[in-house]
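A quick write-up on the structure given underneath.
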Amino acid sequence: TKAFGINPPSFYAAFGSKLGLYTRVLKRYRMTDAIPLGALLRHDRPTAKCLIDVLMEAARRYAADPDATGCLVLEGAHCNDKPAREAACEFYIAAENLIRTYVAMRYPQEADRTTDFMGTLMAGLSAKARAGYSLERLQESVLLAGDVLERLLPD
């Protein structure tokens, strides 16, 4: 806000509130920078391969901009501000539900466990990207996780 010559309350007021601004940012992130789960979770490809594609795309996106590493939604889910945390969690839960539904179509008995695993991996990739890990290091972790997914979900 200093660069614009305005104070934070005036800036947030333009969006209704600080939460209003954050919600708009989350919606824009979903449309422009979030992992395109709908395009990656395909029914004409093996389930494990599609989940690996999601993780590879996560690694790429989380490491793409050295000034904004990690995932806005996953990192926002740890926010101290309760309304902001709840806003981020809505997006996170929606993504988890999409993954769970996708896995359950072929592997209903593995849907919850696999969704938990994917959430853990994505949170870890985001945290490591924020810690400065290179794309190559993140992708190596995805390759290891991919071995597990292919054993768990053989198509």
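Exactly one residue among Leu98, Leu74, Leu55 is at pLDDT below 85 and either of a type in the set (Asp, Glu) or not in a loop (DSSP other than H, G, I, E, B) (or both), and that residue is Leu74.
Taken over the range 126-155, the residue count meeting the criterion of being among the acidic types (Asp, Glu), at pLDDT 95 or above and either under 16 Å from the mean Cα position of the chain (by Cα) or surrounded by fewer than 16 Cβ atoms within 10 Å (Cβ to Cβ) (or both) is 3.
Please work out if Ala94 is over 21 Å from Arg42 (Cβ atoms) and under 17 Å from the mean Cα position of the chain (by Cα). Judged against the criteria, Ala94 is not a match.
Restricting the range 64-82 to residues that are touching a Phe, Trp or Tyr at 6+ places or on another chain (Cβ under 9 Å) and either within 26 Å of Glu140 (Cβ to Cβ) or small (Gly, Ala, Ser) (or both), the residue that is surrounded by the most Cβ atoms within 10 Å (Cβ to Cβ) is Cys71. For the residues Arg113, Arg61, Arg106, Arg85, the requirement of being crowded, with 19+ Cβ neighbours inside 10 Å and basic (Lys, Arg) singles out Arg61.
In the range 12-28, which residue that is touching a Leu at 6+ places or on another chain (Cβ under 8 Å) and assigned to a helix (DSSP H, G or I) is modelled with the lowest pLDDT? Looking at residues that are touching a Leu at 6+ places or on another chain (Cβ under 8 Å) and assigned to a helix (DSSP H, G or I), I get Tyr12.
Cβ-Cβ distances below 6 Å connect the following pairs, each with a first residue in the range 131-155 that is of a type in the set (Val, Ile, Thr), a second residue that is in a helix (DSSP H, G or I) and crowded, with 16+ Cβ neighbours inside 10 Å, and a separation of six or more residues or different chains: Val142/Leu55; Val142/Met56; Val142/Ala59.
The values are calculated or read from the model by the stated rules, or taken from the named source; none is laboratory data. Owing to the predicted nature of the structure, the values given are computational and were not obtained by experimental measurement. Note: ideal-geometry Cβ built from the backbone for every residue, glycine included; neighbour counts use all protein chains shown.
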